[in-house]
Amino acid sequence: MKKELQVDDGQEAAAAVTVVDESNSADVPNLKGDWHNIFILTLLYIMQGIGNSVYIGVPIILQGNKNITYKDQAFLSMVAWPNSLRIILAPLVDALYIQKVGRRKSWLIPVNILIGGCFIYMGINIEEWIPADRGKPNILKLFYPMLFIQVLVATQFIVIDSWVLTMLKKNNVGHGSTCNFIGVPIGATIGSFILVEFTSENFSNKFLRFSPDTGGIVTFPGFFYFCGFLFILISILIGIFKKEKCNRLEDNHMKLNIIQYYIILWKVLKLPSIRVLLIALLTDKFAFASSAITVWILQLIDAGVPKDNVVIINSSMIIVKIITSTIISKYTAGPKTMSVYLIVSPIRLMWNITFVIFIYYTTKFVTNNGKIGFPIYYYVILVFLFIVNNILSTIMKLSRHSLFSRISDPRFGGIYMALLNTFSSFGISSSISLAISLIDFLTLKACLFNYNNNCSTSSPNNACKTNRSSCFVLVNGYYVESVLCILFGIGWYYIFSGTFKSAQVKSSSHWMVNVKNNTVKKNETTENNG
């Protein structure tokens, strides 16, 4: 390791500390002595996945009940947006903590307890918000607690992602992404599967009961109570048994106040390497918006595929994600992680075409044979498409997150990881919300006996029904959207592939921020005197 101190007498930063850690990109991972930390991180990421399961499962239930529009779904999908606003909270998480509790545990424990409380609150009210008689759901009352849970989950992400940088050995930080992409899908699958299937009367009677009965084997309130108490219990156990390394012992430790952390954030944003990388992270998800799992599941359910079957297939993909993450981690945890990303990206882009073809033939099958079920070969093809898409998306996500861990400055881990994940998450959430909302906008409809009526809103739709006719789809907006996504992806790859390729080979000095030396000394003096 080589450290170099550069002093600048200008107004910008009186002294810049640049650490060149040439071993950071070359050290071979070795998990000896870190396995217990890997387990803890995976457990924490599983909890995050359960927190995320709410906005995965609830839209599926509503779509299956056939009492919600794509406009409502697009609005509800915005509960995921707080994950894209982590950067606002990151300086607070880095700056404010109780030293005796631990820099990361000071936030993790109360945030998890609050998430547990929100789940319990939803359990008390969920039957009123989603009526059992399939009446119109109260979207607003669902939206606000789900939004608050995602704000807390976003804070949780900041804490755990930054804890990875100090909990694991420096040469193992790339495996933090492996913990993430094994733990989060497990939690999300557990949560969404129980919420959707175990509360389903049809699924319970078919697979879980010896004799038919009403309702699922788990009630909506029961699910949310279980999640709530689980979060509280895990928080207490982590608080008691997991000791956090004192942050004063970390390399290049410095004590800064909140304002100084926001200044650090601004300095990070001003780094030329970061600015270009952030633009690339913000835009790369739009190429795959039409093939996002959320969008595709809604399309399948809308096309007539039974909701329970779709959820079972999607939930089983957790096995694919775990196997993929385990196998590919030895490549993505190394110094050439984005080379893997750039190989997979065009393959996944072209794979979008298979989704369009499959949805097209799904609608044709329903039209020709009625909604009486699908043959076994249909589900074999569907499972194959899910498997390939999950393998490709998992490899890309794992590569991105591994890059974040390797280039982040551990002195400001919360800020750095939150900034990179914010732009990446906002690209995901905004692209999915846009993709869902554009389906209706791009869809062309017409009234059967009056082609001048485009059935674009509820008023002309009702007018068509009044004249004893019905609206039918001329062009499914999903097809148009898929073509636009592919064209966008080709342009994106041409412009930004070089950005990702160069990011993985740059030395640490390109990612380090300048810090005022007199500020550091002042804070250290104050801390020592205190």
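Every number here is computed from the coordinates shown, using simple stated rules; none is lab data. Since this is a predicted model, take the numbers as computed values, not measurements. Cβ placement follows ideal geometry from the backbone for every residue including glycine, while neighbour counts extend to all protein chains displayed.
Observations, loosely collected:
- The stretch 171-298: radius of gyration over Cα atoms, expressed as a fraction of 2.2 N^0.38 Å: 1.62
- Between S509 and Y361, the contour length at 0.36 nm per residue exceeds the alpha carbon distance by 48.0 nm.
- If you take the Cα centroid of the stretch 114-163 and the Cα centroid of the stretch 270-307, the two points sit 23 Å apart.
- Couplings 3J(HN,Hα) of the stretch 143-150, computed from phi: 5, 5, x, 5, 5, 5, 4, 5 Hz, in residue order, whole Hz [Karplus 6.51 cos²θ - 1.76 cosθ + 1.60, θ = phi - 60°; x for Gly and Pro].
- At R0 = 22 Å, FRET efficiency that the Cβ-Cβ distance of T69 and Y144 yields, to 0.05: 0.65
- Cut-off 15 Å between beta-carbons: net charge of the residues surrounding V159, Lys and Arg +1, Asp and Glu -1: +3
- Close amide-amide hydrogen proximity is noted between N257 and no other residue 5 or more places distant or on a separate chain, at a cut-off under 5 Å (H modeled in the peptide plane; Pro and chain starts excluded).
- Too-long pairs where the Cα-Cα distance tops 22 Å, listed order kept, from K245/K397; K169/K285; K66/K397; K136/K206; K285/K321: K245/K397; K169/K285; K66/K397; K136/K206
- In order along the stretch 488-499, the phi-based Karplus estimate (6.51 cos²θ - 1.76 cosθ + 1.60, θ = phi - 60°) of 3J(HN,Hα) comes to 4, x, 5, x, 4, 4, 5, 7, 10, 4, x, 5 Hz; Gly and Pro are listed as x.
- Listed pairs K242/K501; K242/K267; K32/K336; K170/K243 exceeding 27 Å between Cα atoms: K242/K501; K242/K267
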